[in-house]
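Here the structure is laid out as structure tokens; the discussion comes afterwards.
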């Protein structure tokens, strides 16, 4: 991806190096991996996922800190520059598509972070909080995406950022609120089905961003599109569940299958038309 010559967004807040409690947050949208995927990462790394489950589920002590702040490297700072450049391209694209577009913030953090959606562990992956209109990202997620989930490449990382910005677009358009209201009184499986449609639409919006960014700036290099499609596939619910537990439970899907995530991103990329991304009206996802 040709990003070095792009401007840097001024909406990035760098909280790396700060420490704090690890407690589950509420109201966030679009945890990039989700708990099942985090378990996969821990298992692949040879760790014990039970301790992580306890932490996220309230079984551990939320006030315990991990120790000294992580040492920041030159590679970390280069990646932060990349994030700011990608965020700037999303700003340019969505200003061109949505009149009156309000830019989101993006917070870089290590380990855990305070947000309007509560205190959240990095273990849930990148997420968007509608309460403060900010995307939250621990750069360690990109290492997991590459090393543990087999989805390397800078455009794979850009897709992740664009997906979370897609949730911001949904917030601005009122889609997130409509889904939240519709969930009242529904069972768990029905809520999950709505979540899948919300997440697939965010994938579609990420594709729309890629379409317009490429058209305006010629950002993509050979293989970039494949990187994004591979990332979308590797974090499909079916793939992650099968790796984590050896079986697939469709009623518990919250983000969509590998095929669905890649296809909706590709549809956004091919059309560049936000009107074609109504996943809630789609008879077949």
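Values computed for the structure shown
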| read-out | value |
| --- | --- |
| Residues within region 235-260 that are assigned to a loop (DSSP other than H, G, I, E, B) and over 22 Å from residue 162 (Cβ atoms), tallied | 4 |
| Options 218, 278: the member that is more than 19 Å from the chain's Cα centre (by Cα), under 16 Å from residue 166 (Cα atoms) and either touching a residue at least 12 places away in the same chain (Cβ under 8 Å) or crowded, with 24+ Cβ neighbours inside 10 Å (or both) | 278 |
| Selected residue (only one of 160, 169 is in contact with a strand residue (DSSP E or B) (Cβ under 9 Å, 6 or more places away or on another chain), outside any loop (DSSP other than H, G, I, E, B) and surrounded by 14 or more Cβ atoms within 10 Å (Cβ to Cβ)) | 160 |
| Long-range neighbours under 6 Å by Cβ, at least six apart or interchain, first residue free of Cβ contacts under 8 Å to residues at least 60 places away in the same chain within region 80-105, second in a helix (DSSP H, G or I) and surrounded by 20 or more Cβ atoms within 10 Å (Cβ to Cβ) | none |
| Selection status of residue 263, under 25 Å from residue 225 (Cβ atoms), without any contact (Cβ under 8 Å) to a residue 12 or more places away in the chain, out of contact with any helix residue (DSSP H, G or I) (no Cβ under 9 Å at 6 or more places or on another chain) and assigned to a helix (DSSP H, G or I) | no |
| Qualifying residue in region 183-204 (condition: in contact with a strand residue (DSSP E or B) (Cβ under 9 Å, 6 or more places away or on another chain), modelled with pLDDT of 95 or more, in a strand (DSSP E or B) and under 22 Å from residue 105 (Cβ atoms)) | no |
| Criterion (in contact (Cβ under 8 Å) with a residue 40 or more places away in the chain and farther than 17 Å from residue 90 by Cβ) met by exactly one of 137, 200, 172 | 200 |
| Test for residue 226: is it surrounded by fewer than 22 Cβ atoms within 10 Å (Cβ to Cβ) and at pLDDT 95 or above | yes |
| Test: residue 236 is out of contact with any strand residue (DSSP E or B) (no Cβ under 8 Å at 6 or more places or on another chain), under 19 Å from residue 151 (Cβ atoms) and buried (at least 20 other Cβ atoms within 10 Å of the Cβ) | yes |
| Elements of type strands (runs of 3 or more DSSP E) contained in region 81-132, each with 1 or more residues being in contact with a helix residue (DSSP H, G or I) (Cβ under 7 Å, 6 or more places away or on another chain) and farther than 13 Å from residue 12 by Cα | 112-115, 118-121, 127-129 |
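The values are calculated or read from the model by the stated rules, or taken from the named source; none is laboratory data. As the structure is a prediction and not an experimental result, all values here were calculated from the model. Virtual Cβ from ideal backbone geometry, glycine too; neighbours counted across all protein chains shown.
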